1. On full extension of the chain, what length is gained from SER119 through SER76, given 0.36 nm per residue of separation minus the C-alpha to C-alpha distance?
2. Taking a quarter of the surface of the convex hull around the Cα atoms of the chain, what do you get in nm²?
3. Quick one: work out the % antiparallel among DSSP beta bridges in region 379-502, nearest 5.
4. Straight-line reach from LYS347: which lysines fall under 29 Å, measuring Cα to Cα and dropping same-chain residues less than 8 apart?
5. With charges set only on the Cβ (+1 for Lys and Arg, -1 for Asp and Glu), what does the dipole of region 137-285 come to about its Cα centre, in debye to the nearest 20?
6. Among HIS450, ALA434, THR417, whose Cα projects farthest towards the positive end of the dipole of region 401-452, with charges put on the beta-carbon of Lys, Arg (+1) and Asp, Glu (-1)?
7. What 222 nm value per residue comes from the helices of the chain, counting each DSSP H run with n ≥ 4 as -39,500 (n - 2.57) and dividing by all residues, nearest 500 deg cm²/dmol?
8. Quick check on region 420-525: take the gyration tensor over C-alpha atoms, sort the square-rooted eigenvalues as a ≥ b ≥ c, and tell me if it's rounded (a/c under 1.5), prolate or oblate.
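The values are calculated or read from the model by the stated rules, or taken from the named source; none is laboratory data. Keep in mind it's a predicted model, so treat the numbers as computed, not measured. No Cβ is skipped: glycine too gets one built from the backbone with ideal geometry, and neighbour counts run over all protein chains shown. These accessible areas exclude ligands, DNA and RNA; they are computed on the full protein's heavy atoms, side chains included. Shrake-Rupley method; radii C 1.70, N 1.55, O 1.52, S 1.80 Å.
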Amino acid sequence: MTKPFLSARPFSRRNVLIGGTALASALAMPAISRASARPVFAHGVQSGDVGPSSGMIWTRVDRPSRIMMEIATTESFRNARRLAPMTALPSSDFAVKRLLEGLPSDQDIFYRFTAVDLSDLQASSAPVVGRFRTAPASRRSVRFAWSGDTAGQGWGIDGEGMKTYATMAGHAPDFFLHSGDTIYADGPMQDEVTLPNGAKWVNAVLIDEKRKVAEMLREFRGQWKYNLMDRHVQAMNATVPTFFQWDDHEVVNNWSPAKDLSEDTRYAEKSVALLAARAGQAFHEMTPISYTPAEPGRVYRAINYGPLLDVFFLDLRSYRGGNSRGLETELSPASQGLGAEQTAWLKRALAQSTATWKVIACDMPIGLNVWDKHKGEMRVEAVANGEPGAPKGRELEFADILRFIKTAGVKNTVWLTADVHYTAAHYYNPDKAAFQDFNPFWEFVSGPLHAGTFGPNELDGTFGPEVRFVKAPTPEQGANLPPSMGLQFFGLVDIDGAEGQMTVRLMDRADQELWSITLDPEPAA
């Protein structure tokens, strides 16, 4: 694959001038533009969903523009290939993203965007540059990070910024897996928050869209633009691909078809379905998530990251039935969390995977009780229903999946999640479970990245989870601790290229290793 990439016509000043168009001339001679009139890339660049021969790239400009794109395998862009330009228009809030294909595996890819103002072809931007490394085709070591929950509970960009992103970037992961609650569309912010000790938390950066709940499309877009204003987020995005999934706060807390906003005075728009549609559009516009032509808004997908790793992204939001007490004894549209089509896809994808490790990125934990409290009623928000007996409600889907993994002989599955705003390691032991028709497995919990810290949650015994490690606020510390308290968490996963072992480390934002374990892979049957 290297040859087609490098044999493409190189990008050079001579080649631009050969085109002879005013647009090309504007790109070739940006010095003639007045700086104040030039387009601006205010939110940096992003890459995502990178595989052995492809990857998505993203950027956003501040006005209608023609976006010129180059890619290269050297930082100097000496061997650059120019791509067909794309147009940034208000219909996508001036954001563009592109799937790069035919890339060489295990190769640094550098990409560069330049914008030309469509209303003034003499006005071109300064370039903005990013890079990522494609997945390996052979057995080399792989490192990635995961966490969730960004800019929640009123804690925004303070003077230090979203520091956990800088800590993660310091480990130079191949990619970052964002496990959901990527924004807090339902979490308005204030300029200042008085802390229990009398000190002030100051949201040094704040925009109008963060002062109220998001209802209109432009407000959902604004939630994303706010996070992308943080210097640590921009710096990591420029060098580390992010693989996104979503959860509830991208729309509204604990959203499902049963969500009732009739008494929530913050919302003039009461239709959760309409809010979810607007939030979904913003999510796909503002992230480098790959798209599926048959279902453009789909979030669940699999990404092959070489022979050692496949990542399977689940979506527990888009297809769930309404939150309820979760005591249904038969699986139905009302009790589902994943839905029949997604469940069937996951089984097929797991059975077909030849990777050593199968990481299942689940946006909510399996065995922790997470509740949706509504008018005094405790509804199931995640999977567990608080009853440690036979599977009921959404537990039925997961019992079916876990049984399939066992009977199909799928080896080396590890579950990663976030959502609960603390970090933990859970070992699911069938010998201690009410439902026992599954092989033991690990679930690792991380987060928040930059949000309030809570927990820990109680366990449900249906699948026999055991807490092997937990780090959460103490009763004396209380709940909704700000990021300045230091209880912000992420996980690091290293897969050794020679032996195939997986080492999982639970980390905090000060880069302290809190706990770790090394797992040996089971040989394929």
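1. Additional length available on full extension: 12.4 nm.
2. 24.7
3. That works out to approximately 75 percent antiparallel.
4. Qualifying lysines at Cα under 29 Å: LYS358, LYS392, LYS406, LYS411, LYS432.
5. Dipole about the Cα centre, nearest 20: 560 debye.
6. The one lying farthest along the dipole's positive direction is ALA434.
7. Rounded to the nearest 500, the figure is -4500 deg cm²/dmol.
8. oblate
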